[in-house]
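Working notes for the structure below.
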There are 2 protein chains.
Amino acid sequence: MTQLSTEKKMSCWLGDYNDTSSLLDAMCRQSIPWLEGEGKENDIIISSRIRLARNLKGFKYRSQATPKSFVSILKTVLDAVGQVSEFYGYVSLNLNTCTKSEKNFLLERRLISPGFAADTIPRGVVIAPGEKVSLMINEEDHIRIQSMAPSLNLNNAWEVIRTIDNKLSGILDYSFSEQFGYLTACPTNVGTGLRASVFVHLPALTIAGKIKQIFEEMGPSEVAIRGFYGEGSRVQGDIYQVSNQLTLGRVEKNIIKRMHLVAQNLVEKEREERENASVEHRAQIEDRVVRARAIVKAAKLIQSTELLQLLSDLRLGSSLELIDPVDYRLFNFLIITTQPAHLQQIFRKQMNSTERDRIRADYVRSQLPI
Amino acid sequence: MTQLSTEKKMSCWLGDYNDTSSLLDAMCRQSIPWLEGEGKENDIIISSRIRLARNLKGFKYRSQATPKSFVSILKTVLDAVGQVSEFYGYVSLNLNTCTKSEKNFLLERRLISPGFAADTIPRGVVIAPGEKVSLMINEEDHIRIQSMAPSLNLNNAWEVIRTIDNKLSGILDYSFSEQFGYLTACPTNVGTGLRASVFVHLPALTIAGKIKQIFEEMGPSEVAIRGFYGEGSRVQGDIYQVSNQLTLGRVEKNIIKRMHLVAQNLVEKEREERENASVEHRAQIEDRVVRARAIVKAAKLIQSTELLQLLSDLRLGSSLELIDPVDYRLFNFLIITTQPAHLQQIFRKQMNSTERDRIRADYVRSQLPI
């Protein structure tokens, strides 16, 4: 990979694809491996994620950096990425050459963050084949590496990201302090720079109104709760991103172990609630499930936010056998592909919101065997 | 009627009924004539209402009155009512002997106001057979007489109430000023003391977001907009109570004529919107109608507020022939009978909200031929 000119990679390195739109088209037709979990926690844990925050010695942090230094960072990181075999076959996108729809597509795909999409500085995203590993350059930190794994597989995600991080650290000069560990733009990431997250589907606990108390008991200083699309995104479709708050003074393995236990504990609580819901909550669950099925079958228009809730209700209904069972992977897939930019990419046209709502209603009806 | 002791009437005069509960039972089985409009505006105008505010000379206004004077007013007015042939066969209820459920029933039936239900002073309601005429004693004013008529029939309601008012004025000594007209507790009612209202169902204009502008154009100082249950109640099920603001310096006939024109104008605008909705609003209308049908058919639980919206959507769907036509009178009837206190009276049991929501879903499904 090293023979590629950095200039070319910076303006978008698309590999075998003609242009960004062709790449996104291909992504629409591919499966999303990190959503394809099998195994016993698959009904509740959608996926696991590890991300590392890294910065380069000799370059200013984001708040003090100049456009020129952003470009230097981009060049430096892209050159390093080209030397890491785990990225072989990667594509990279310069965000400033992407359209709004393309940025939204990447956001819906969870390859970039909302802040990164909205930014205007020179910045890029690197996506390894299969989308299990990706890397943002010039987000809050110079480098944000992400490793995704299906269902409850934090260890697997950690092994992958650790290998890549080790290789990159052999090429790049990371900002590192013997006393504190990895230095980051925001003090909350200093130390390991590691965030271990699980995406958990907790509809029964949500209906029962027990979420707040459960998360309070976990200790808000220890565990952070966010929506599916990360910081600043609200919880939709009863899917919570649960991750560690503390990164300093901890060993990576321990953070991951702790989050694994948190996830298992949530699975247990959600199962308990599904099995032993009170008469009142049981009635609410049944009502939601039959309504969701009726609405998906009948509606002419469905907004994306509403659909996330309908999919959540049906997913729960499937788990409780209130409707004919549906493969969880289909729900996971639809969570992503029914979002606005994905719909436009799948149907290859720009649409206004009413058109999208109509196409979305037809599309989800054609996909879901209910 | 004059031979009845006032004491008995004050503690509740129930006519042929054994107790309040038997009365309400009978009311549940009777039709509600003012909701049974026929004729050309029936799809949009649900009913018409005239109310008069009157006070008695020699008695203090509400804010300065003592419990003793409230009792005197009650006695005086009940005696007068017994002498008016239009009230023949009436019942009267002392609100302080009614249970919360009974008061809610009367409120849902539009026989008393929210403020009157919540009050604690000696006060009563007189209901003429058929519920087209009723009278609150010791509401904001000493007397509030109400005349209801189905569909757009303000003149009819006016003729009825005028006759009663004339007769009462021959028995009672009204507070009246040559300069201002009838004197009332709140200055906004001084003059004629008349409020002429129409209850209009405006779903298409609501979906199109045109309601605010239309009412602004009518002149907010001239026309007041409220919910179905009057002052302080919010608009539900796209049903607006539209009435005159001004009562002073106007002749009754002119107020009524003006409100009749306002109602006709609203009918015209709503029809225009139903026929010529934009592609986007047409799509929204169709979506709402098919969803409402699917939800009513499937739901295990339906809350009363949601049901008002579902009935509104189906009423519109029936009018536009998006579903098999349903008699408007059935929708009007269900608007009242699916409210919490009515459900409890119909099914003769106190229920918690989840039980009511379940019974309501079953009940509406059994009633609506969709």
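The values are calculated or read from the model by the stated rules, or taken from the named source; none is laboratory data. Note that this is a predicted model, so its numbers are computed, not measured. Cβ coordinates were reconstructed from backbone atoms using ideal geometry, including for glycine residues, and neighbour counts include every protein chain displayed. Quick note on the areas: whole protein, heavy atoms, side chains included, nothing else; ligands and nucleic acids left out. Shrake-Rupley method; radii C 1.70, N 1.55, O 1.52, S 1.80 Å.
Testing B:GLU280 on (1) within 14 Å of chain A (Cβ to nearest Cβ); (2) under 30 Å from A:LEU322 (Cα atoms), one condition comes back false. Which one is that?
(2)
Any residue in region B:184-199 that is farther than 13 Å from B:ILE145 by Cβ sitting within a Cβ distance under 9 Å of a residue that is assigned to a helix (DSSP H, G or I) and hydroxyl-bearing (Ser, Thr, Tyr)? List the pairs, counting only those 6 or more apart or interchain.
Matching pairs, first to second residue: B:ALA185/B:SER63.
Taking only pairs six or more apart or across chains, which ones have beta-carbon atoms under 6 Å, a first residue in region B:202-231 that is charged (D, E, K, R), and a second residue that is open to solvent by 20 Å² or more (accessible area, probe 1.4 Å)?
B:GLU222/B:GLN245
Starting from region A:67-78, keep only residues that are within 10 Å of A:THR6 (Cβ to Cβ), then list their pairs with residues that are at pLDDT below 95 and assigned to a helix (DSSP H, G or I) whose Cβ atoms are within a distance under 7 Å, requiring at least 6 positions of separation or different chains.
A:LEU74/A:MET10; A:LYS75/A:THR6; A:LYS75/A:MET10; A:LEU78/A:THR6; A:LEU78/A:LYS9; A:LEU78/A:MET10
Contact list please: Cβ distance under 8 Å, first residue in region A:82-105 and under 17 Å from A:LYS8 (Cα atoms), second residue charged (D, E, K, R) and in a helix (DSSP H, G or I), pairs at least six apart or on different chains.
A:GLY82/A:LYS9; A:GLN83/A:LYS167; A:SER92/A:LYS9; A:LEU93/A:GLU102; A:LEU95/A:LYS103
Restricting to region B:8-39, count the residues that are within 21 Å of the chain's Cα centre (by Cα), without any contact (Cβ under 8 Å) to a residue 24 or more places away in the chain and farther than 24 Å from B:ILE145 by Cβ.
1
Just to be sure before I move on: is B:ARG348 within 14 Å of chain A (Cβ to nearest Cβ), of a type in the set (Lys, Arg), open to solvent by 60 Å² or more (accessible area, probe 1.4 Å) and touching a residue at least 40 places away in the same chain (Cβ under 8 Å) in the structure I sent?
Here the answer is no, as B:ARG348 does not meet what is asked.
Restricting attention to region B:99-120, and to residues there that are open to solvent by 40 Å² or more (accessible area, probe 1.4 Å) and not in a helix (DSSP H, G or I), which single residue is nearest to B:LEU23 (Cα to Cα)?
Looking at residues that are open to solvent by 40 Å² or more (accessible area, probe 1.4 Å) and not in a helix (DSSP H, G or I), I get B:THR99.
When the residues of region B:285-334 are narrowed to those that are assigned to a loop (DSSP other than H, G, I, E, B), open to solvent by 50 Å² or more (accessible area, probe 1.4 Å) and over 13 Å from B:ASP43 (Cβ atoms), which ends up nearest to the other protein chains (Cβ to nearest Cβ)?
B:LYS300
Quick test of your reading of the structure: B:LYS253 fulfils all but one of (1) closer than 18 Å to B:ILE211 by Cα; (2) open to solvent by 20 Å² or more (accessible area, probe 1.4 Å); (3) away from every other protein chain (no Cβ under 14 Å). Name the failing condition by number.
(1)
What's the number of the only condition in (1) closer than 27 Å to B:ARG62 by Cβ; (2) open to solvent by 30 Å² or more (accessible area, probe 1.4 Å) that B:SER175 fails to meet?
With respect to (1) closer than 27 Å to B:ARG62 by Cβ; (2) open to solvent by 30 Å² or more (accessible area, probe 1.4 Å), B:SER175 is out only on (2).
Could you list all residues from region B:123-138 that are open to solvent by 10 Å² or more (accessible area, probe 1.4 Å), free of Cβ contacts under 8 Å to residues at least 60 places away in the same chain and not β-branched (Val, Ile, Thr)?
Result: B:PRO129, B:MET136.
Go through region B:154-210 and count every residue that is touching a His at 6+ places or on another chain (Cβ under 6 Å) and more than 20 Å from B:ALA224 (Cβ to Cβ).
2
When the residues of region A:360-370 are narrowed to those that are closer than 24 Å to B:ALA208 by Cα and surrounded by 20 or more Cβ atoms within 10 Å (Cβ to Cβ), which ends up nearest to the other protein chains (Cβ to nearest Cβ)?
Among them, the one singled out is A:ALA361.
Determine if region A:226-245 includes at least one residue that is touching an Asp or Glu at 6+ places or on another chain (Cβ under 7 Å), crowded, with 22+ Cβ neighbours inside 10 Å and not in a strand (DSSP E or B).
Within region A:226-245, none of the residues are touching an Asp or Glu at 6+ places or on another chain (Cβ under 7 Å), crowded, with 22+ Cβ neighbours inside 10 Å and not in a strand (DSSP E or B).
For A:THR163, work out the one condition from (1) in contact with a strand residue (DSSP E or B) (Cβ under 9 Å, 6 or more places away or on another chain); (2) open to solvent by 30 Å² or more (accessible area, probe 1.4 Å) it doesn't fulfil.
Unmet condition: (1).
Inside region B:85-98, can you point out the residues that are open to solvent by 60 Å² or more (accessible area, probe 1.4 Å) and touching a strand residue (DSSP E or B) at 6+ places or on another chain (Cβ under 8 Å)?
B:GLU86, the sole residue that qualifies.
Conditions tested, residue by residue: (1) modelled with pLDDT of 95 or more; (2) small (Gly, Ala, Ser); (3) buried (at least 20 other Cβ atoms within 10 Å of the Cβ).
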| residue | (1), (2), (3) |
| --- | --- |
| B:ASP141 | yes, no, yes |
| B:GLU159 | yes, no, no |
| B:LYS167 | yes, no, no |
| B:GLY170 | yes, yes, no |
| B:GLN179 | no, no, no |
| B:SER197 | yes, yes, yes |
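Name the residues in region B:213-225 that are part of a helix (DSSP H, G or I) and open to solvent by 50 Å² or more (accessible area, probe 1.4 Å), would you?
B:GLN213, B:GLU216, B:GLU217
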